[in-house]
Amino acid sequence: MSEKKHIDRLFQEKFKDFEVSPGKNVWNNIERELKGKKPRRRVLIPIWYKIAGSAAMLAFLIWLGSSVFDNAPDNDKTNIATEIEANEVENTPEISNPETGNEEAEANFEENNLPESELISTEAVVSTEGKQNNDQQVSKNKASVSKESYIKVPEKQEDFLSGKMASNKAEKPRQVEENAGLNPENNFEKPVSTEKKSEISKAEVSPENVPSEKSAQEKEEANKKSLLAYAEQQKKEESPDEENLENALSQSKWQIQPFAAPVYYKGGNAIDPKFASNPTESDITMAYGVNVAYQISEKLKIRSGIGQVKISNNIQDIAFVSTVEPTALSNIDYNPQAETLRIENASTVFIPNGEVAGRGVVPFSAGTLNHQMGFIEVPLEIEYALIDKKFGLSIIGGGSTLFLSENNISINSAQGTTNIGEANNLNNTSFSTNIGLGLDYEITKRFELSLEPTFKYQLNTFSENVDFNPYYFGVFTGVSFKF
Amino acid sequence: MFSGKLFSVSLKYSRNKTEAEDNLQDAFLTIFEKIGQYKHKGSFEGWMKRITINTVLQKYRKQQVFEIVNEENLREPEVEVEEENVPLDFLLKIVQELPDRYRMVFNLYALDGFSHKEIAEMLGISEGTSKSNLSRARAILKSKVEKKSQIKTGLSARQVAE
């Protein structure tokens with residue numbers, strides 16, 4: 001049937017679902033051209049790995065340091081460190097990574113899946129020595145290992161373990177009996193890592209092994225995830241190059257931020273036990289520095305930097321006098337000229353007004369003991385963006401390494417300031433854990449104004465046990481520049 | 001995954017299959033190069049399509065175009081067709097056979113929905129030129145379609161001769 005039609009209409013209708021595949025040579029040519037431009041891509045990804053690796057190392061070191069000084073293991077840091085590792089492994093679409101992960105996993109699978117592997121019930125395996133260890137690890141494993149990595153424990157390992165137990169021959173037939181009823185529900189969950197075998201061979205398990213194992217597991221999990229993601233990608237796209245390029249050719253991911261902050265410190269008396277009841281107060285000081293942040297994902301930034309923070313802590317109600325029989329305060333290294341000073345808690349002595357009346361009255365003067373502490377701070381923090389618009393809100397958490405740069409004790413009084421010396425119970429290197437809130441205002445695409453009230457809890461500032469936990473709170477204001 | 005759609009775009013705008021393949025390759029290279037500029041505004045497919053169109057336009061722009069001075073406004077002609085007689089392959093062929101400028105304008109206006117103003121900007125011509133190019137393109141296509149369809153439209157000799 002013939003129809004009158006506007007010519008445009010005719011063409012539009014016919015071309016509506018018009019799709020033609022190009023010849024194969026088209027892709028070869030494109031690939032050839034792209035290979036010429038490859039060096040640029042390669043450069044960006046190694047940098048990514050280097051930065052990520054060193055950031056993860058740093059985070060791990062800080063965690064290690066704080067757990068050495070502070071007996072309570074800091075679970076948050078471990079998680080952050082391993083989360084960083086897991087996130088990075090997931091996010092990079094690099095091809096070689098999933099392949100090596102695959103090989104690793106395959107090797108383990110083969111090793112462990114012997115045809116006659118026996119199932120072991122939990123009670124049989126656990127010997128008295130390793131009982132606590134296993135339970136702890138099993139519960140940890142349950143938490144972190146996904147369904148995919150349930151493995152039947154191979155014969156080898158089971159013999160190994162049973163060999164450790166005090167009674168052997170007698171136990172063995174019992175085990176065989178129990179295992180005769182192959183009950184799938186008794187699957188003993190064990191992670192894939194081969195480290196586990198050698199670890200159980202040693203009777204002791206130190207806490208350090210646990211987190212590294214955990215991170216190895218997480219890595220395996222992450223490797224599997226990235227394997228799947230890679231497989232999906234291969235299916236979806238004809239050319240995997242597209243996505244790689246898109247990730248690698250990033251826009252501005254770096255941010256540099258000079259900041260200044262008024263700091264409020266709360267400490268206590270670390271100078272001498274006699275001042276235990278004295279009130280202490282600290283002056284509000286300024287901290288300065290520069291922070292550098294790198295955007296590792298849409299909402300997550302990792303930041304570090306360097307800065308200087310000064311603390312000025314005052315112990316009040318002090319009485320002092322120059323005398324021939326000074327008594328030294330316990331935690332001070334005296335300057336030579338201050339050695340003749342006798343410093344007391346004012347509530348324990350009598351401070352005369354005006355002129356000294358007669359002999360026997362010790363002419364004390366009133367004053368405050370001021371301790372100036374200066375630190376060079378190297379923070380390592382993660383910033384998670386809650387709101388990311390013109391006005392942004394984020395949560396910041398992490399830790400800092402503090403290097404002692406200044407340490408001065410002096411007496412302040414109406415007569416002036418006398419420098420006494422320095423405290424001998426301050427650690428040269430100490431740590432703090434930080435948590436804060438970030439409020440940003442985007443002035444232009446590249447400039448941002450930020451206000452970050454942060455609370456920093458100091459961990460091992462003083463070498464001896466002091467009866468207070470110092471912390472400081474600062475409102476970090478800065479201008480950041482993105483590039 | 002997008003290559004099918006993009007290749008069809010290239011085919012419409014190019015003179016033949018070989019050139020269409022060359023143009024597609026160039027378009028893809030440009031896409032890879034400029035991927036950083038995409039910035040998630042609008043659809044990715046649309047962005048790639050635009051790049052493909054621009055790539056082909058650029059290619060033919062550099063070539064000599066026979067400048068049309070006449071700027072009459074012809075209304076959109078109607079054509080009688082036997083739909084079964086005009087397969088897609090045929091339509092594609094006659095589009096490719098159009099002189100470059102007419103082909104660009106026809107595709108941009110009739111198939112990709114650009115306005116004369118936009119076309120004028122993209123090709124560096126005036127709006128009037130765009131309109132007249134479009135009419136001429138339509139006329140050529142119409143005569144070829146009708147010939148293929150074997151139906152005389154009974155139009156004046158002048159229009160048929162064009």
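The values are calculated or read from the model by the stated rules, or taken from the named source; none is laboratory data. Note that this is a predicted model, so its numbers are computed, not measured. Here the Cβ positions follow ideal geometry from the backbone for every residue, glycine too, while neighbour counts run over all protein chains shown.
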Exercise for the section: Output the number of residues of the stretch A:6-33 satisfying the condition of being charged (D, E, K, R), facing another protein chain (nearest Cβ under 7 Å) and assigned to a helix (DSSP H, G or I). Expected result: 3
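Out of curiosity, is B:LYS148 surrounded by fewer than 20 Cβ atoms within 10 Å (Cβ to Cβ), charged (D, E, K, R) and modelled with pLDDT of 90 or more?
For B:LYS148, the condition - surrounded by fewer than 20 Cβ atoms within 10 Å (Cβ to Cβ), charged (D, E, K, R) and modelled with pLDDT of 90 or more - is not met.
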Fill in the blank from the handout: Checking B:ILE68, B:ILE51 in turn, the sole residue that is closer than 28 Å to B:LEU141 by Cα, at pLDDT below 60 and either more than 10 Å from chain A (Cβ to nearest Cβ) or not in a helix (DSSP H, G or I) (or both) turns out to be B:ILE68
Practice task
Find the residue count for the stretch B:1-37, including only residues that are part of a loop (DSSP other than H, G, I, E, B) and surrounded by 15 or more Cβ atoms within 10 Å (Cβ to Cβ).
Solution key: 3
Practice task
May I ask you to list the residues in the stretch B:87-101 that are within 13 Å of chain A (Cβ to nearest Cβ) and either under 11 Å from the mean Cα position of the chain (by Cα) or of a type in the set (A, V, I, L, M, F, W, C) (or both)?
Solution key: B:LEU88, B:PHE90, B:LEU91, B:LEU92, B:ILE94, B:VAL95, B:GLN96, B:LEU98
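Let's see how each residue does on (1) crowded, with 17+ Cβ neighbours inside 10 Å; (2) not in a loop (DSSP other than H, G, I, E, B):
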site: A:PHE431; (1), (2): yes, yes
site: A:ASN434; (1), (2): yes, yes
site: A:GLU448; (1), (2): yes, yes
site: A:PRO453; (1), (2): no, yes
site: A:TYR457; (1), (2): no, yes
site: A:GLU464; (1), (2): no, no
site: A:PHE468; (1), (2): no, no
site: A:GLY474; (1), (2): yes, yes
site: A:PHE481; (1), (2): no, yes
Exercise for the section: Could you tell me whether any residue of the stretch B:111-130 is at the interface with another protein chain (Cβ under 10 Å from one of its Cβ atoms), more than 12 Å from the chain's Cα centre (by Cα), crowded, with 16+ Cβ neighbours inside 10 Å and assigned to a helix (DSSP H, G or I)? Expected result: no
Practice task
Go through (1) touching a residue at least 40 places away in the same chain (Cβ under 8 Å); (2) crowded, with 16+ Cβ neighbours inside 10 Å and name the single condition A:ALA414 misses.
Solution key: (2)
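What number of residues within the stretch A:375-425 are part of a strand (DSSP E or B) and more than 15 Å from A:SER312 (Cβ to Cβ)?
At the first step, the residues of the stretch A:375-425 found to be part of a strand (DSSP E or B) are A:375-388, A:391-413, A:416-423.
Next, only the ones that are more than 15 Å from A:SER312 (Cβ to Cβ) stay: A:376-388, A:391-403, A:413, A:416, A:418, A:421.
The total comes to 30.
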Exercise for the section: From (1) in contact with a Phe, Trp or Tyr (Cβ under 6 Å, 6 or more places away or on another chain); (2) hydroxyl-bearing (Ser, Thr, Tyr); (3) at pLDDT below 85, pick out the condition that doesn't hold for A:THR418. Expected result: (1)
Handout entry: Residue check, A:VAL324 modelled with pLDDT of 80 or more and over 22 Å from A:TYR457 (Cβ atoms)
Key = no
Exercise for the section: Would you confirm whether any residue within the stretch A:270-287 is within 23 Å of the chain's Cα centre (by Cα) and at pLDDT 85 or above? Expected result: yes
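Can you tell me which of B:GLU84, B:GLU76, B:GLU80 is assigned to a helix (DSSP H, G or I), at pLDDT below 90, over 22 Å from B:SER3 (Cα atoms) and within 14 Å of another protein chain (Cβ to nearest Cβ)?
None of the others qualify; the one that does is B:GLU84.
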Fill in the blank from the handout: Of the residues in the stretch A:288-324 that are in a loop (DSSP other than H, G, I, E, B) and among the hydroxyl-bearing types (Ser, Thr, Tyr), the one that is farthest from the chain's Cα centre (by Cα) is A:THR323
